[in-house]
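To start, the structure itself, in structure tokens.
What follows draws every value from the coordinates through simple rules; no lab data is involved. Values in this document were obtained by computation on a predicted structure and should not be read as measured data. Positions of Cβ are backbone-derived with ideal geometry, glycine not excepted, and every protein chain shown enters the neighbour counts.
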Amino acid sequence: MNKYNLLTPNTCNWCPGCGNFGIWSALERAALQAGWDNSNTALVAGIGCHGHIVNFIKLTTFEGLHGRPIPVASGVKMANHKLNVFVLTGDGDCLSEGGNHFIHAARRNQNMTVIIHDNAIYGLTTGQTSPRSPRGFKSKSTPDGNIEEPIHPLRLALSAGATFLARVYSGDIQALADILIKANNHDGLAVIQVLQPCVTFNKEYTHIFYQENMYALDENYDPSDKAAAFAKTMEWGEKKIPVGIIYEAQEPSYESRMSQLKKQALVAGGAKKRDISALLKSYA
Amino acid sequence: MTKNILIVYASNSGSTFLVGEMIKNYLSKKYTVAMQTAAMTQPDDLEKYDIILLGSPSWHVLSRGDGFPQETMLAFMERCAGRSFPDKRFAAFGCGDSDYTLFCGAVFRLETFIGKLQGQKIMEPLKVDSYFFRPVEGDKQVEQWAGELMKKIS
């Protein structure tokens, strides 16, 4: 298989320069390196610019309701826990509409990878303040400046119980591809915050902003140290945006604790059909 | 004769990186090729190579305007001010979008920069239009250009 096998006939509709192109390229690269295809991998996206990715990559995909890709992916994983399951979600999709699902997926330590396309704005609806927009951020929805504090998704996920946390800049395609593979190999919930500039509507978190202000975690950094990971998630700002694997711990995943999944995937057992006509008649 | 090639690139969405990587893979069949970002490149680095390829997307740069090289490439160009490399051979490449004015304006500016360095221009630059929107055609164009470059330097 080569990268052309993963192309669809659809032409991209992201803006030129969009950070989503890097995520798309990294996902293709990781799929080729790791052997992900339609038989072993499922992608579930939410609503937003990020969700268009399901139209451009030839893998099994599902685009759900706004904020709900995690519940759909949970269902996919429950039905066939042997699949590689990826959630593609925007910062608005994941942290606002889908915030509850995100917290509980982390608490359960479900064995899937959540990729947050973090552009710190609602881009598809042409530029409104999102849960990742910084305080003071001016947009169509906050013309006088955002009065709220942003959510930090890795800090939230860590406190809720996720066991693999990483942050990557979307333009660093090889680094993102490598982390996608490691996240998928991790047994438990992996969260990747991808710093993904919206070149049209977010003039603060630009490509050059990230390129100038992120730094790679030191070789001596220990990602198994939870307190150190918390400290890293507190860092944000000028020359203070750490990228790399921030936290990695070995804890039993949700699926590994389910006795029903010990023997085989649920889907392998087939669906049991029952005649419910008598039940329906009883309501007549 | 063995030739050492350096690719210095800047990239935002990743297209110029991918194009640079394709060029590197093609030329590596025959030559030793290094590739590094403009942000981490110092003018002295160029001294170690026979051939230097410069790549950048075209961008709207605040305080300058449309069609400029990406900011880290501009900073590299500024670091090279006053330097000359008359014995080095250069070529430029970049990604752009012909729906915008000044298509691949950065590549034009890179060529001007090569002139200021008194470098030897190997061939016409590579200008890739809308790489992510037409990846198959884009890759063919890159491969063709790399092939021509290979012939010119052989």
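Quick notes
- Greater than 19 Å apart at Cα, pairs in B:Lys116/B:Lys151; A:Lys82/A:Lys263; A:Lys138/A:Lys240; A:Lys58/B:Lys127; A:Lys3/B:Lys127: B:Lys116/B:Lys151; A:Lys138/A:Lys240; A:Lys58/B:Lys127; A:Lys3/B:Lys127
- Per-residue ellipticity at 222 nm from helix content only, as computed over chain A with -39500 (n - 2.57) for each DSSP H run of at least four residues, stands at -8000 deg cm²/dmol.
- Most mobile of A:Asn184, A:Asn220, A:Asn38 in a GNM of chain A (Cα contacts under 10 Å): A:Asn220
- When the Gaussian network model of chain A links Cα atoms closer than 10 Å, the mean-square fluctuations of A:Met112, A:Met214, A:Met258 top out at A:Met258.
- Cα extents of chain A along the three principal axes, largest first (Å): 65, 45, 41
- Shielding of peptide B:57-70 by partners, expressed as the average count of other chain Cβ atoms within 10 Å per residue Cβ, is 1.
- If the segment from A:Ser159 to A:Ala271 were pulled out straight at 0.36 nm per residue, it would be longer than the present Cα-Cα gap by 36.6 nm.
- For the stretch A:1-147, the fraction of alpha-carbon pairs lying more than 25 Å apart is 30 percent, rounded to a whole number.
- Sum of side-chain charges, A:Thr89 neighbourhood, beta-carbon under 14 Å (Lys, Arg +1; Asp, Glu -1): -3
- Calculated FRET efficiency, B:Lys48 to A:Ser224, Cβ-Cβ distance, R0 = 45 Å: about 0.70 to the nearest 0.05.
- Separation of the B:Met150 and A:Gln250 label points, Cα + 7 Å toward Cβ, nm: 4.6
- Largest mean-square fluctuation among A:Glu149, A:Glu219, A:Glu238, in a Gaussian network model of chain A whose springs join Cα atoms under 10 Å apart, belongs to A:Glu219.
- A simple packing score, the average count of other Cβ atoms within 10 Å per residue, orders the peptides A:104-111, A:86-93 as A:86-93, A:104-111, with the highest score first.
- Net dipole in debye of chain A [+1 Lys, Arg Cβ; -1 Asp, Glu Cβ; about Cα centre; nearest 20]: 1160
- Mean per-residue shielding of peptide A:233-243 is 0, counting Cβ atoms of other chains within 10 Å of each Cβ.
- Separation of the A:Tyr215 and B:Asp66 label points, Cα + 7 Å toward Cβ, nm: 3.8
- Taking a sphere under 15 Å around the Cβ of A:Asn109 and counting the other residues whose Cβ falls inside, with K and R at +1 and D and E at -1, yields a net charge of +1.
- Peptide B:131-143 shows a mean partner chain C-beta count of 3 within 10 Å per residue C-beta.
- Checking every one of the trypsin sites (Lys or Arg not before Pro) in the stretch B:54-116 against DSSP loop status and a limit of 16 other Cβ atoms within 10 Å picks out B:Arg64, B:Arg83.
- Label-reachable residues, the stretch B:120-154, where backbone N falls under 19 Å from a point 7 Å from B:Ser98's Cα toward its Cβ: B:124-146
- For A:Glu235 and A:Lys263, a Förster radius of 41 Å and the Cβ-Cβ distance give a FRET efficiency of 0.35, rounded to the nearest 0.05.
- Summing charges over all other residues whose Cβ lies under 11 Å from the Cβ of A:Gln211, with Lys and Arg as +1 and Asp and Glu as -1, gives -3.
- Computed Kirkwood radius, in angstrom, where 1/r is averaged over Cα pairs of chain B: 15.3
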